[in-house]
Amino acid sequence: MQQTGSIPIKRNAQGVVDAISAEDIGKFPAQNVTEAIQRIAGVQMSNINGRGSTISIRGLGPQYARTTINGQTFASADFKDGFRYDIIQTDLASAIQVIKSPTADMDTGGLAGTVNIDTVKPLAYKGPSFIAGIKGYYSDYRKDATPKVNAAYIKRFADETIGVMLDVGYQKLKDRADYLFQDRWATQNVNGATIAVPRRPRYRRIDRSIDQIMGSGGVQWRPND
């Protein structure tokens, strides 16, 4: 199996680029691509409903990060929240690069930086391949471990010019999110000065349990001369 390592990507880059490979992603207990990207220096993850969903690069908002998949731009429907990376499973990514200094051949729009996700290339595998894996996540807020099982089949056809990849998986999600915030503020005079004081502190707890079935696939074609 041919893999794209993170060290060659950084060495051959023309600007400031950080990257992680499929091997690096597999070492982390990441439930989606968002939680894998936030391992890169200068990238911060934002949670939505207790799960990593958007990212910020170098302190700028998620809307200032540009997203590409295999070099093609993927736009978000919501400019304020930015791209939702939690829709992409880690099994589909072979490498992730965070490009912090754009080059002339890149499209504009990534003020904070550009995140490029390279997907699995079926033609990079020699012969038919069947890959299966199982993971489990546990924390103090989860009474039971949350399992994740996936299996992928890769094969080449037509004199090895067409490659097909199919991946299916099952994941049982149990998580908890705790929020503490101020619902309202009030003004008060103290020693002749007007100050703002919290009026109604609020606490919210969200418990979720989801059974998720995932499926993805890819087709790669290598034309002749």
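Taking a spot 7 Å from the Cα of residue 208 along the direction of its beta carbon, which residues of the stretch 167-187 have an amide N less than 12 Å from it?
173-178
List every residue whose amide H lies under 5 Å from the amide H of residue 120, counting only residues 5 or more places away in sequence or on a different chain, with H placed 1.01 Å from N in the peptide plane.
It is 94, by chain and number.
Expected output is a single nm value to one decimal: the length gained when fully extending between residue 187 and residue 27, i.e. 0.36 nm times separation in residues minus the C-alpha distance. What is it?
52.5 nm
Roughly to the nearest percent, how much of the accessible area of the stretch 98-225 is carbon and sulfur, given a 1.4 Å probe?
53
Taking H placed 1.01 Å from N in the peptide plane, check which residues at least 5 places from residue 69 or on another chain put their amide H under 5 Å from its amide H.
Amide H neighbours of residue 69: 74, 117.
Greater than 28 Å separation of Cα atoms is the criterion. Which listed pairs, 27/155; 100/172; 27/121; 100/174, meet it?
Long pairs (Cα-Cα over 28 Å): 100/172; 100/174.
So between residue 60 and residue 162, what do we pick up on full extension, going 0.36 nm a residue minus the alpha carbon distance?
The residue 60-residue 162 span can extend by a further 32.6 nm.
Heavy atoms only, probe 1.4 angstrom, no DNA, RNA or ligands counted: give me 166, 173, 92, 60 ranked by accessible area, highest first.
166, 60, 92, 173
The values are calculated or read from the model by the stated rules, or taken from the named source; none is laboratory data. Note that the coordinates shown come from a computational prediction; the quantities given were computed from them, not determined experimentally. Heads up, the Cβs are rebuilt from the backbone with ideal geometry, glycines too, and the neighbour counts pull from every protein chain shown. The accessibility values were calculated without ligands, DNA or RNA, using every heavy atom of the protein model including side chains. Shrake-Rupley method; radii C 1.70, N 1.55, O 1.52, S 1.80 Å.
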